[in-house]
Amino acid sequence: MSNLAPVLEDIQSSADERQIPINKVGIKGIRHPALVKDRSGGEQRTIADFSLYVSLPQHFKGTHMSRFVEILNEQEKEITVRSFHEMLFKISERLEAESSHVEMHFPYFIEKSAPVSGVKSLMDYDISFLGELNEEELAVSIKVAVPATSLCPCSKGISEYGAHNQRSMITVTARIDGFIWIEELIDLIEGQASCDLYSVLKRPDEKYVTEKAYDNPKFVEDIVRDIASRLNAEERITAYSVESENFESIHNHSAYALITRDKSLPTSTF
């Protein structure tokens, strides 16, 4: 009896007769420790959800899913921004793909001081790093989801007292050329809302944020246009999308607006 291991057929690499390429194929929703630097000079350890994909030519039946997990586990114990970039090149090389994609989603915490009392508390934000390598051309984007307050200008204008407001969820996806802090994007977004949010507010703080929002009313259209103006002026951002969903307090639906732009084109979507 032979002691040689049997040769197992590589089904994934076999030919496919349907002649239909696949844009993305891979694994989605695998967790791994990650390390993210913050603007204060420290580091945040977090758990990130990863999705890793490649393009699949029309003549291949499938891709090798186990290789994605191997590449993820070959990285440092905690994945950093540098190893995030390295994974894109490794995936393309190891799976012989024309393009590779990596997505990394994680919570990020910033310590904020209440505007009057100065009480400190942590605010959490949903952050994503989105990377694409296409024939040696690397594109990396940061996606930030920021909750904020908006106050309706129409309600303020027609009411003898008071005005209704909304909790807004503002999401910016920015393609980066160079380096930008997560905190910079969050500051940019919060600065264009009627008022930003805090985890802890004392009574003087609550008075302050209520009056600040009242003095700074904005429609959902105002929010996305004001943020787009700031993004247009930021040279490190080459393309972006900005959207805001305002959860109405007097309706059972939301107000929504979206702006997209690729700065390399006169008019475009991103």
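The values are calculated or read from the model by the stated rules, or taken from the named source; none is laboratory data. These figures come from a predicted structure and were not determined experimentally. In this analysis, Cβ positions are derived from the backbone assuming ideal geometry, glycine residues included, and neighbour counts consider all displayed protein chains.
Against the numbered list (1) surrounded by fewer than 15 Cβ atoms within 10 Å (Cβ to Cβ); (2) in a loop (DSSP other than H, G, I, E, B); (3) basic (Lys, Arg), Lys207 comes up short only at (2).
Rundown of residues vs (1) under 30 Å from Pro204 (Cβ atoms); (2) in a loop (DSSP other than H, G, I, E, B); (3) modelled with pLDDT under 95; (4) in contact with a Cys (Cβ under 8 Å, 6 or more places away or on another chain), yes/no style:
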{"site": "Glu93", "(1), (2), (3), (4)": "no, no, yes, no"}
{"site": "Ala97", "(1), (2), (3), (4)": "no, yes, yes, no"}
{"site": "His105", "(1), (2), (3), (4)": "no, no, no, no"}
{"site": "Tyr108", "(1), (2), (3), (4)": "yes, no, no, no"}
{"site": "Gly118", "(1), (2), (3), (4)": "yes, yes, no, no"}
{"site": "Asp124", "(1), (2), (3), (4)": "yes, no, no, no"}
{"site": "Ile127", "(1), (2), (3), (4)": "no, no, no, no"}
{"site": "Leu138", "(1), (2), (3), (4)": "no, no, yes, no"}
{"site": "Ser141", "(1), (2), (3), (4)": "no, no, no, no"}
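When the residues of region 212-253 are filtered to those that are more than 20 Å from Gly191 (Cα to Cα) and without any contact (Cβ under 8 Å) to a residue 24 or more places away in the chain, the one that is surrounded by the fewest Cβ atoms within 10 Å (Cβ to Cβ) is Asn252.
Comparison of Asp187, Asp222, Asp226 shows that the only residue that is outside any strand (DSSP E or B), in contact with a helix residue (DSSP H, G or I) (Cβ under 9 Å, 6 or more places away or on another chain) and either of a type in the set (Asp, Glu) or farther than 27 Å from Arg82 by Cα (or both) is Asp222.
Return a yes/no flag: does region 58-65 have any residue that is modelled with pLDDT of 80 or more, surrounded by fewer than 18 Cβ atoms within 10 Å (Cβ to Cβ) and more than 15 Å from Pro33 (Cα to Cα).
Checked region 58-65: at least one residue is modelled with pLDDT of 80 or more, surrounded by fewer than 18 Cβ atoms within 10 Å (Cβ to Cβ) and more than 15 Å from Pro33 (Cα to Cα).
Scanning region 147-157 for residues that are farther than 14 Å from Phe219 by Cβ and either loosely packed, with under 11 Cβ neighbours inside 10 Å or touching a residue at least 60 places away in the same chain (Cβ under 8 Å) (or both) gives no hits. Could you tell me whether any residue of region 50-57 is farther than 15 Å from Leu133 by Cβ and at pLDDT 85 or above? Scanning region 50-57, I find at least one residue that is farther than 15 Å from Leu133 by Cβ and at pLDDT 85 or above, so the answer is yes. Has region 45-54 got at least one residue that is closer than 30 Å to Val209 by Cβ, assigned to a loop (DSSP other than H, G, I, E, B), of a type in the set (S, T, N, Q) and not assigned by TED's automatic domain parsing to the domain that holds Asp187? Among the residues of region 45-54, not one is closer than 30 Å to Val209 by Cβ, assigned to a loop (DSSP other than H, G, I, E, B), of a type in the set (S, T, N, Q) and not assigned by TED's automatic domain parsing to the domain that holds Asp187, which makes the answer no. Take Tyr208 and decide whether it is assigned by TED's automatic domain parsing to the domain that holds Arg230, touching a residue at least 12 places away in the same chain (Cβ under 8 Å) and of a type outside the set (A, V, I, L, M, F, W, C). Here the answer is yes, as Tyr208 does meet what is asked. Within region 158-179, residues that are over 14 Å from Ile142 (Cβ atoms) have Cβ atoms under 8 Å from residues that are modelled with pLDDT under 90 in these pairs: His164/Glu248; His164/Ser249; His164/Ile250; Asn165/Ser249; Gln166/Glu248; Gln166/Ser249, counting only partners at least 6 apart in sequence or on another chain. Scanning region 222-240 finds no residues that are over 15 Å from Lys143 (Cβ atoms) and among the aromatic types (Phe, Trp, Tyr). Inside region 170-183, residues that are buried (at least 17 other Cβ atoms within 10 Å of the Cβ) and of a type outside the set (Val, Ile, Thr) make up a count of 2. Exactly one residue among Arg39, Arg82, Arg18 is within 26 Å of the chain's Cα centre (by Cα), modelled with pLDDT under 90 and outside any strand (DSSP E or B), and that residue is Arg82.
Across region 157-182, the qualifying residues are those that are at pLDDT 95 or above and either among the hydroxyl-bearing types (Ser, Thr, Tyr) or in the same structural domain as Lys37 (by TED's automatic domain parsing) (or both), and the one among them that is nearest to Gly131 (Cα to Cα) is Thr173.
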